[in-house]
Amino acid sequence: MNAPVVAVDGPSGSGKGTVCRRLTQRQGWHLLDSGALYRLVAVSGQLAGLAADDIAGHAALGRSMRAVFGVTPAGDERIELDGRDVTRLVRAEETGQGASRVAAWPEVRSALLPRQRAFAEPPGLIADGRDMGTVVFTSAALKIFLTASPEERALRRYNQLKDKDSGVSLAALSREIAERDLRDSTRSVAPLRPASDAFVIDSTGMPVEAVVERVIELGRARALWR
Ligand code: DC
């Protein structure tokens, strides 16, 4: 692994996705959205008609699925699975729950390890996830753990989803986020927690620009960029 990696971990709705996208745009670096890979395993399993508890089947799909991350001409994200556009399905809140379930299985996590590490290409990688700094890129040049209060995270998710899905409610999202937080942070493999050498940023009440600026400063202090 010869490319510098910035690991950004944190719970759902902490703003990691937005912050990581801005950083990749600023730097022209690659982006690993590791949550999308777990989401794709859940979607692949569903499309293949696998039983919800078929661990080996999901792990095999994690190794074999062909995923392509791209953008539409309008600049929106587009995710293809084996040639099929699955963007909406991947981003659905239900898929987040399915992803959190398959992500608790060690076999699925190890199936996705080489795939995630392959994203570390020059000039550099911004890696967004739950275990980027603790498991996947333990020697990352910079590790960030981004968090925010549960109320603010639920509100951010609500604002993100309400235009795409009229059925979402803040109360239901708060419950789902609490459930996912609990599952992601109490699982036995790679639980969600800050790496011992991570900078913890609590973004409650902070505009996204301020969070990005803080990460840029930290990267500057490490001579990762100017
Ligand atoms: O970031 P996200 O909401 O797209 O992630 C969906 C689920 O995937 C999340 O609830 C837990 C799991 N996940 C994980 O276990 N490890 C990662 N590095 C990223 C996501």
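The values are calculated or read from the model by the stated rules, or taken from the named source; none is laboratory data. The structure displayed is predicted, hence computed values, not measured ones. Ideal geometry is used to build each Cβ from the backbone, glycine not excepted, and the neighbour counts take in all protein chains shown.
In this structure, does ASP202 turn out to be surrounded by 21 or more Cβ atoms within 10 Å (Cβ to Cβ) and of a type in the set (Asp, Glu)? Can you show your working first?
On the way: surrounded by 21 or more Cβ atoms within 10 Å (Cβ to Cβ): no; of a type in the set (Asp, Glu): yes.
Criteria not met by ASP202.
For segment 91-105, does any single residue satisfy the condition of being hydrophobic (A, V, I, L, M, F, W, C), more than 9 Å from the ligand (Cβ to nearest atom) and modelled with pLDDT under 95?
Of segment 91-105, the ones hydrophobic (A, V, I, L, M, F, W, C) are 92, 99, 102-105.
Remaining after also requiring more than 9 Å from the ligand (Cβ to nearest atom): 92, 105.
When the remaining residues are screened for being modelled with pLDDT under 95, the result is 92.
Within segment 91-105 (the criterion being hydrophobic (A, V, I, L, M, F, W, C), more than 9 Å from the ligand (Cβ to nearest atom) and modelled with pLDDT under 95), the answer is yes, since at least one residue qualifies.
Give the number of residues within segment 66-78 that are touching a residue at least 12 places away in the same chain (Cβ under 8 Å) and either away from the ligand (no atom under 14 Å from the Cβ) or closer than 13 Å to VAL41 by Cα (or both).
3
One line per residue, one yes/no per condition, for (1) in contact with a Gly (Cβ under 9 Å, 6 or more places away or on another chain); (2) farther than 21 Å from ARG101 by Cα:
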position: GLN25; (1), (2): no, yes
position: LEU31; (1), (2): no, yes
position: LEU37; (1), (2): yes, no
position: VAL43; (1), (2): yes, no
position: ALA48; (1), (2): yes, no
position: ASP54; (1), (2): yes, no
position: ALA59; (1), (2): no, no
position: SER64; (1), (2): no, no
position: VAL71; (1), (2): no, yes
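Per-residue answers, yes or no, for (1) among the hydroxyl-bearing types (Ser, Thr, Tyr); (2) in contact (Cβ under 8 Å) with a residue 40 or more places away in the chain; (3) loosely packed, with under 14 Cβ neighbours inside 10 Å:
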site: GLN25; (1), (2), (3): no, no, yes
site: GLY57; (1), (2), (3): no, no, no
site: VAL86; (1), (2), (3): no, yes, no
site: LEU89; (1), (2), (3): no, yes, no
site: GLU94; (1), (2), (3): no, no, yes
site: ARG117; (1), (2), (3): no, yes, no
